[in-house]
1. Quick query: amide H of T232 versus all other amide H atoms, modeled in the peptide plane; which residues come in under 5 Å with a sequence gap of 5 or more or a different chain?
2. Amide H of G83 versus every other amide H placed in the peptide plane: which residues, excluding those fewer than 5 positions away on the same chain, fall under 5 Å?
3. Output the pairs from K78/K111; K111/K281; K281/K302; K78/K302 with a Cα-Cα distance over 19 Å in this structure; if there are none, say none.
4. Shape of the range 309-376 from its Cα gyration tensor (a ≥ b ≥ c, root eigenvalues): rounded if a/c is under 1.5, otherwise prolate when a/b > b/c, or oblate?
5. Have a look at K111, K281, K24 and tell me which one the Gaussian network model of the chain (Cα, springs below 10 Å) gives the largest fluctuation.
6. Once phi is turned into θ = phi - 60°, what whole-Hz ³J(HN,Hα) does the Karplus curve with 6.51, -1.76 and 1.60 give for every residue of the range 237-250, x standing for Gly and Pro?
7. Reachable aspartates and glutamates from K24, Cα under 18 Å, same-chain residues fewer than 8 places away excluded?
8. By DSSP, what percent of the beta bridges with both residues in the chain are antiparallel, rounded to the nearest 5?
Amino acid sequence: MVQISRAVSRKDVGMRYSVWSLAKNALTGHRDWRPAWRDAAPKSSYDVVIVGGGGHGLATAYYLARVHGITNVALIEKGWIGGGNAGRNTTIIRSNYLLDGNIPFYELSMKLWEGLEQELNYNAMVSQRGVLNLFHNDGQRDAYVRRGNAMRLHGVDAELLDREGVRRMAPFLNFDHARFPIQGGLLQRRGGTARHDAVNWGYARAASALGVDIIQNCELTGFRRAPDGRVTGVETSRGAIGCRKAGVAVAGHSSRVAAMAGLRLPIESHVLQAFVSEALKPILPGVITFGAGHFYVSQSDKGGLVFGGDIDGYNSYAQRGNLSVVEDVCEGGMALMPMIGRARMLRSWGGIMDMSMDGSPIIDHTPVSGLYLNAGWCYGGFKATPASGWCFAHLIATDRAHAASSAYRLDRFARGYMIDEKGVGAQPNLH
Ligand SMILES: Cc1cc2nc3c(=O)[nH]c(=O)nc-3n(C[C@H](O)[C@H](O)[C@H](O)COP(=O)(O)OP(=O)(O)OC[C@H]3O[C@@H](n4cnc5c(N)ncnc54)[C@H](O)[C@@H]3O)c2cc1C
């Protein structure tokens, strides 16, 4: 049972605005405007240091303080919070997973999303507009029937639509002249989108209000270790900081940071790109994924079509991608909804994905005492943000895995207990 309460009040975060104060601030150059979170300087030591100011790190710091009462916490971020994948994703949230190790975790996340704005007292624009995965042949349909049944067995909503059901929702798709005709789709109505930046800001503000130090422009450069090997602190670009426990949530940089502690992870880093078109009138009812190629699309509240596809096929730590994937994604878009070719593209960007070897994440202790790892989110970690923070905070605070993340062990790769979600189902790249 997820307990969701309104933990952070307006008073906590120093919000004193009304229509009048908004007007006054606008007319006086925002002199009375307060930052949403404190820009903290590092102290000499903390109970816990969280490395990485993406959504996962921020959510972990918040739940450590809010759920476990551990407020002597620093979150260190080498750039600015939300500058990594947490601010670069295509904002899709869903819990339409197949495997036992995954469904309860992603459904916990969905439940946390459903109460997040009340919890943080922050508008994260959580919009349950539906996620529709299309299928184009009998084999894909069978795979989605299986997935839908697995979801329903876990109490997660799932509906199978036939071709006419899809046509009613999205009549503009290419039904009649397609090389791979649409046969139907698996719909999760509770899936949808959330405003990624707002999620980061909401967690940051709430964590800061509970006493967490959010320290930006502070890069981890190494770990301090006791003679018995346990972590006693972190070395950073702003000096050494002592800690009893360190939690790493650095996504695409996981292998680099783990190497600082002498660890080699079953993770490779790849670029994932995304694209946004000029603003159009509302046309897309929700998120749609193409089953016959790598393409998925939704429409932002500003009207832009937000879309993407597969990762770039080589390892990289650069936050920019290559043209072959641009071509591949656009081909997928044209095959699914040819009128997309009339829209002008506004911008594209890339983020560094922490690709685990079975497509599922790791939330676990490491072999180094006092060092905890949150990684391996591949292209699907935004939807996981609340549950990832919830479970990682539980692990760090109690030294026991949370039930919902108990399958996400680091040693599963050595033991052969893979959670091979990405290889199952018709469309591996569901985002
Ligand atoms: C184009 C794209 C589209 C995506 N679409 C979706 C989607 O629709 N739905 C979905 O669920 N997921 C999606 N994802 C994946 C999702 O964005 C990520 O899995 C998730 O945001 C990871 O969050 P995070 O907090 O772990 O990582 P990040 O937000 O990347 O945070 C890690 C932080 O660690 C910091 N850091 C790294 N090294 C250090 C260091 N040495 N010291 C201090 N700080 C350090 C980085 O600067 C970064 O800010 C997408 C990703 C991309 C790139």
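1. For T232, the qualifying residues are R224, R225, A226.
2. Amide H to amide H, under 5 Å and 5 or more residues apart or across chains, G83 pairs with nothing.
3. In this structure, K78/K111; K111/K281; K78/K302 lie more than 19 Å apart at Cα.
4. Prolate, because a/c is 1.5 or more and a/b exceeds b/c.
5. K24
6. So the J values, rounded to whole Hz, are 5, 10, x, 7, 10, x, 7, 7, 9, 10, x, 9, 9, 10.
7. D32
8. 70 percent
Laboratory data are not the source of any read-out in this text; all were calculated from the coordinates shown. Please read all numbers here as calculations on a predicted model, not as lab measurements. Glycine gets a Cβ as well: all are built from the backbone with ideal geometry, and neighbour counts include every protein chain shown.
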